[in-house]
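Here, each number is a calculation from the coordinates, and none is a lab measurement. Here the structure is a predicted model, which is why all the values come from computation and not from measurement. Heads up, the Cβs are rebuilt from the backbone with ideal geometry, glycines too, and the neighbour counts pull from every protein chain shown.
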Amino acid sequence: MEPEQPGFRPLEFERYAPDVMQRRAQHLLTDVQRRRSVREFSAEPLPQGVLDDCIRLAGTAPSGAHKQPWTFVVVSDPALKRAIREAAEEEERANYSGRMNPAWLKDLAPLGTDAHKPFLEVAPALIVAFRHAWQVGPNGQREQCYYTQESIGIACGFLLLALHHCGLATLTHTPSPMAFLSKLLGRPENEKPFLLIPVGFPAGDCQVPNLERKPLDSIRFLANPPGPKP
Ligand code: IYR
């Protein structure tokens with residue numbers, strides 16, 4: 001049999017004038033600069049449908065060989081959230097009382113975190129991103145995936161941005177090791193827990209660490225051709 005041809009179609013591409021591009025860049029930057037990791041949520045429920053669209057948006061991320069190696073599990077059931085909180089806190093107690101070394105604990109001190117994770121129960125939804133280390137074909141055979149860390153990392157970046165854009169607060173939480181999530185959520189062996197994202201509205205009195213972001217000049221380097229300077 002002939003190998004399957006992927007087929008091509010014309011690109012849909014929107015072209016903007018330079019001043020429009022600049023305005024769009026600044027508008028997005030101003031919005032995204034307000035995004036913060038939130039650890040104090042209100043229990044207020046989420047508007048219907050917003051999470052689904054944000055997950056659809058995450059699913060537009062590029063991925064190795066277009067394998068789309070991700071599953072986003074949405075948890076809103078209170079009993080399941082409580083079970084996740086209990087299991088996460090058990091891991092975090094071990095992390096904070098020995099698994100993380102003194103330098104790590106010192107680096108975390110400004111964030112004020114500890115092993116208590118009430119947000120896992122309070123936030124109206126938890127999204128757990130699972131990375132497909134491989135996939136299962138139609139005849140049950142193992143199919144390779146490629147660049148899965150990069151792919152799901154990009155998809156989670158899209159997701160965080162989309163949720164922020166819609167007016168929701170998020171946290172990137174990794175109560176590692178995260179194997180308990182596979183078990184509690186009944187995911188198959190090929191899916192590895194990657195990131196746990198509590199989603200909701202911030203508590204009315206929510207506080208965040210007073211952090212600065214690196215300026216452009218310390219994160220962007222303009223490359224020069226190799227060789228001696230003229
Ligand atoms: N997972 C732990 C510890 C932690 C680690 C890092 I690196 C952080 O940036 C924040 C927390 C916790 O959630 O408390």
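Across the chain, where is the longest run that never hits trypsin sites (Lys or Arg not before Pro) in a DSSP loop with at most 14 other C-beta atoms within 10 Å? Result, exposed sites excluded: 36-212.
At an R0 of 22 angstrom, the distance between the Cβ atoms of ALA179 and ARG142 translates into a FRET efficiency of 0.60.
Taking the chain as a Gaussian network of alpha-carbon nodes connected by springs under 10 Å, the highest mean-square fluctuation of the residues LEU57, LEU120, LEU111 belongs to LEU111. Taking the charge dipole of the stretch 40-203 about its Cα centre, with +1 at Lys and Arg Cβ atoms and -1 at Asp and Glu Cβ atoms, the residue from VAL122, LEU171, MET100 reaching farthest to the positive side is MET100.
Residues whose amide H lies under 5 Å from that of ALA125, counting only those 5 or more places away or on a different chain, are VAL199; hydrogens are built 1.01 Å from N in the peptide plane.
Put simply, the Cα atoms of the chain extend 56, 52, 45 Å along their principal axes, the longest span coming first.
Among the GluC sites (Glu not before Pro) in the stretch 1-110, those placed in a DSSP loop whose Cβ has at most 10 other Cβ atoms within 10 Å are GLU4, GLU12, GLU14.
Counting only whole DSSP H helices of the chain, the ones at least 18 Å long by C-alpha along their axis and with mean Kyte-Doolittle hydropathy no lower than 0.0 are 148-165. Taking 7 Å steps out from each Cα toward its Cβ at ALA79 and ALA43 produces label points 1.8 nm apart.
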